[in-house]
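Below is one structure, written out as structure tokens, with a few remarks after it.
What follows draws every value from the coordinates through simple rules; no lab data is involved. Since we're looking at a predicted model, the values are computed, not measured. Methodologically, a virtual Cβ is constructed for each residue, glycine included, from the backbone with ideal geometry; neighbour enumeration extends over all protein chains shown.
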Amino acid sequence: MHFKNKRVLITGGTSGIGKAFARVLSQKGAAVAVCARRQEALKKLQSVIPGIVTISVDLSKKKEIACLKKILQKEMGGIDILINNAGKMAQFDVSDGFPNRYENEIALNLNAPVELCRLFLPQLLKRDRTAIINVTSGYALWPNKTSPLYCATKSALHFFTKSIRWQLENSTVKVIEVLPPLVKTPSAAKKGGMDPLVFAKKVISQIEDGKTEIKIAEVKALSIFMRLTPFVIDRVLRKM
Ligand SMILES: NC(=O)c1ccc[n+]([C@@H]2O[C@H](COP(=O)([O-])OP(=O)(O)OC[C@H]3O[C@@H](n4cnc5c(N)ncnc54)[C@H](OP(=O)(O)O)[C@@H]3O)[C@@H](O)[C@H]2O)c1
């Protein structure tokens, strides 16, 4: 899969991993559009990446998502690659109660990528060498103790991605999943982690090599240990 001259929509492209994807893909000759909520961050991105299309939208609101297709049709004539990257992680313990508007996390992490697939798939199917790239997490494969809805939404998106990859395997649409390790971004669960630009370059290079399930660093290592010693991994993870 190559990115030159492809029209790409990146959700949550103003910060962290999404912003790094926007920079790497622009350098590769793709026409990039990003969407996020904060206008200032979108404006700032326009000065960093000239020619980038920016759209302000709250993806946790289904009504707002509908406008994206029209805007992108007008600005770029549609898209070839959809990158569902925007996501958030709320940490809470159910014994202390659920956070207010907990359903927004489900709407952003799961409903929005599914709805964007529904909206854009018809045009992706009509074009040559298109792709849907869903960003999940290592927590899509195993849960942690601190963010139950995050783990639930990411594992749901993981299986949605795998299932539609099988459905679309004879079509022009490649279905790719990126399972990031800890990456140094404003919303990372812990301190430290990989530099977002280094991470984005590794991911894009693996996609160019034809990989469809991208596991890097500790996610790659843990998924191997999970298969070999599931009980040990379970015991370790429940303490994290
Ligand atoms: N960083 C990590 O260690 C890590 C590890 C595993 C998986 N991931 C996954 O990687 C993806 C990117 O994470 P990140 O750490 O790069 O996040 P980030 O730096 O916090 O960036 C999140 C982006 O999403 C946008 N966004 C948030 N809520 C939104 C909403 N309701 N509607 C539209 N846009 C919204 C934000 O812009 P606005 O706030 O302006 O809307 C921002 O552009 C997420 O799916 C995350 O779960 C990250």
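What order do you get for 67, 35 when you list them from fewest to most C-beta neighbours inside 10 Å? Show your work: numbers first, answer last.
Values: 67 13, 35 28.
Ranked by crowding around the Cβ, least crowded first: 67, 35.
Only sites in a loop by DSSP and with at most 10 other Cβ atoms within 10 Å count here; which GluC sites (Glu not before Pro) in region 184-240 make the cut? Present the calculation step by step, with values, prior to reporting the outcome.
Details: sites: 208, 213, 218; in loops: none.
Here no loop site has a sparse enough neighbourhood.
Using a 7 Å offset from Cα along Cα-Cβ at residue 187, what residues in region 96-112 end up with backbone N under 14 Å from the label point?
In region 96-112, the label zone of residue 187 (backbone N under 14 Å from the point 7 Å along Cα→Cβ) covers 102-112.
Relative to the longest principal axis of the chain, what angle (0 to 90°, nearest 10) does the C-alpha long axis of helix 16-27 take?
Approximately 40 degrees, to the nearest 10.
Can you tell me the 0 to 90 degree angle between the C-alpha axis of helix 196-208 and the longest principal axis of the chain, rounded to 10?
Approximately 70 degrees, to the nearest ten.
Taking the chain as a Gaussian network, Cα atoms linked when under 10 Å apart, which of 60, 26, 47 shows the biggest mean-square fluctuation?
47
Which of the listed residues, 148, 36, 110, is farthest toward the dipole's positive end in region 7-237, when Lys, Arg count +1 and Asp, Glu count -1 at the beta-carbon?
Projecting each Cα onto the dipole axis, the largest value belongs to 36.
Could you list which residues have their amide H under 5 Å from that of residue 90, counting only those 5 or more apart in sequence or on another chain, with H placed in the peptide plane?
150
In degrees, nearest 10, range 0 to 90: what is the angle between the Cα axis of helix 62-76 and the longest Cα principal axis of the chain?
Once rounded, one gets 40 degrees.
What is the order of 150, 102, fewest Cβ neighbours within 10 Å to most?
On the way: 150 24, 102 14.
If I rank by nearby Cβ atoms, fewest first, I get 102, 150.
Full extension from residue 237 to residue 146: what is 0.36 nm times the residue separation minus their Cα-Cα distance, to one decimal in nm? Don't skip to the answer; put the middle values down first.
Working: separation 91, 0.36 × 91 = 32.76 nm, distance 1.04 nm.
That works out to 31.7 nm of additional length.
Applying the Karplus parametrisation 6.51 cos²θ - 1.76 cosθ + 1.60 with θ = phi - 60° to the phi angles of region 235-240, what ³J(HN,Hα) value in whole Hz is obtained for each residue in order, glycine and proline being reported as x?
Per-residue couplings from phi come out as 5, 5, 5, 5, 8, 7 Hz.
Which value in deg cm²/dmol, rounded to the nearest 500, describes the helix-derived mean residue ellipticity at 222 nm for the chain, given -39,500 (n - 2.57) per DSSP H run of n ≥ 4 and division by the residue count? All intermediate terms of the calculation are to be shown ahead of the outcome.
Working: 9 runs with 108 residues, N = 240.
The helix contribution divided over the chain gives -14000 deg cm²/dmol.
Sort 64, 40, 169 so that the residue with the fewest other Cβ atoms within 10 Å of its own Cβ comes first and the one with the most comes last.
Values: 64 16, 40 8, 169 11.
By the 10 Å Cβ count, ascending, the order reads 40, 169, 64.
Quick check for me: using +1 on Lys/Arg Cβ and -1 on Asp/Glu Cβ, what's the dipole size of the chain about its Cα centre, in debye to the nearest 20? Walk me through the numbers on the way to the answer.
Numbers: 39 positive and 19 negative charges, 74 e Å.
Result for the chain is approximately 360 debye, rounded to the nearest 20.
Give me the percent of DSSP beta bridges within the chain that run antiparallel, rounded to the nearest 5. Walk me through the numbers on the way to the answer.
Numbers: 0 of 26 bridges.
The answer is about 0 percent antiparallel.
Once you put a point 7 Å from the Cα of residue 213 and another 7 Å from the Cα of residue 56, both along the Cβ direction, what distance in nm separates them?
The two pseudo-label positions are separated by 4.1 nm.
Build a GNM of the chain with springs between Cα atoms under 10 Å: which of 100, 134, 109 gets the top mean-square fluctuation?
In the Gaussian network model the winner is 100.
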